[in-house]
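Worksheet: the structure to be examined is printed underneath.
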Amino acid sequence: MEKSIESIWKAGFLDHNAMVAPKLNNLYNQKSIHIIDKFKRMFKINLNALVAFSFFVLIMSFFVKIPVMGVLMFILLNVIVLVNKKLFKGLNKIDKNVSSYEYLKSFDTWMKAQVAVNYKMSRYIYPYIFIAMVAGFGFSQQFRETLGRIFGSHEVYYLFGIPVFWVLTMVTIIVILAIFGGRIYMWDLKIVYGRIMKKLEELITDMEDLRS
């Protein structure tokens, strides 16, 4: 049977010869366990929420007659889930036969690697979302009729049958989203996991101070 984190960390995070009260040792072990368990729960909940949301978007897109957007968003959200589930498996491969401090450091390393992967993906995710929305509305007869009423049939907006201003606007937005996609992701990350990441950093710093 796989050892639990609690049983593995009974020795504490400090050297055996360290002159530190056992209660303090146990306190930091419990804090470490709490942070990691809380992250795992939140991570699983968020992945399940993305899957549920992908089905919701897919179904609703057919009701509002923009199925193209629904299908594209369904594919995107589930790809994100699959990638992060694969990354999550890496967390379970971290060696637990170490002290709580070493395990916590390994967890911190894994988290930074996971964030780095999603940061890179975000440069493509947000432009993809915009393209999916444009494609969805573009294939909507109602949207095309609305667009026609706004722009009319004035030739000044077209070049070789291409709506120049419309295309330039879309390209500009796509480029901006590609450039700032990573920053948008980091903003979202801080909203969801900001408190856990801050506590993790503080806990590791405290442990290192005590070990020095």
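The values are calculated or read from the model by the stated rules, or taken from the named source; none is laboratory data. These numbers come from a predicted model, not from an experiment. Cβ sites come from the backbone with ideal geometry, for glycine too, and all protein chains shown count toward neighbours. For accessibility, only protein heavy atoms count, side chains too; no ligands or nucleic acids. Shrake-Rupley method; radii C 1.70, N 1.55, O 1.52, S 1.80 Å.
Laid out as a table, the results:
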| read-out | value |
| --- | --- |
| Members of the stretch 74-86 found to be farther than 15 Å from L58 by Cβ and surrounded by fewer than 17 Cβ atoms within 10 Å (Cβ to Cβ), listed by number | L82, V83, K85, K86 |
| Residue check for I94: more than 15 Å from the chain's Cα centre (by Cα), open to solvent by less than 50 Å² (accessible area, probe 1.4 Å) and among the hydrophobic types (A, V, I, L, M, F, W, C) | yes |
| Subset of the stretch 67-105 (residues that are at pLDDT below 85 and touching a Gly at 6+ places or on another chain (Cβ under 8 Å)) | S99, S100 |
| Test: residue in the stretch 125-135 that is at pLDDT 90 or above and either of a type in the set (D, E) or surrounded by fewer than 15 Cβ atoms within 10 Å (Cβ to Cβ) (or both) | no |
| Extreme residue, surrounded by the most Cβ atoms within 10 Å (Cβ to Cβ), among residues of the stretch 28-72 that are farther than 25 Å from A113 by Cα and in contact (Cβ under 8 Å) with a residue 40 or more places away in the chain | M69 |
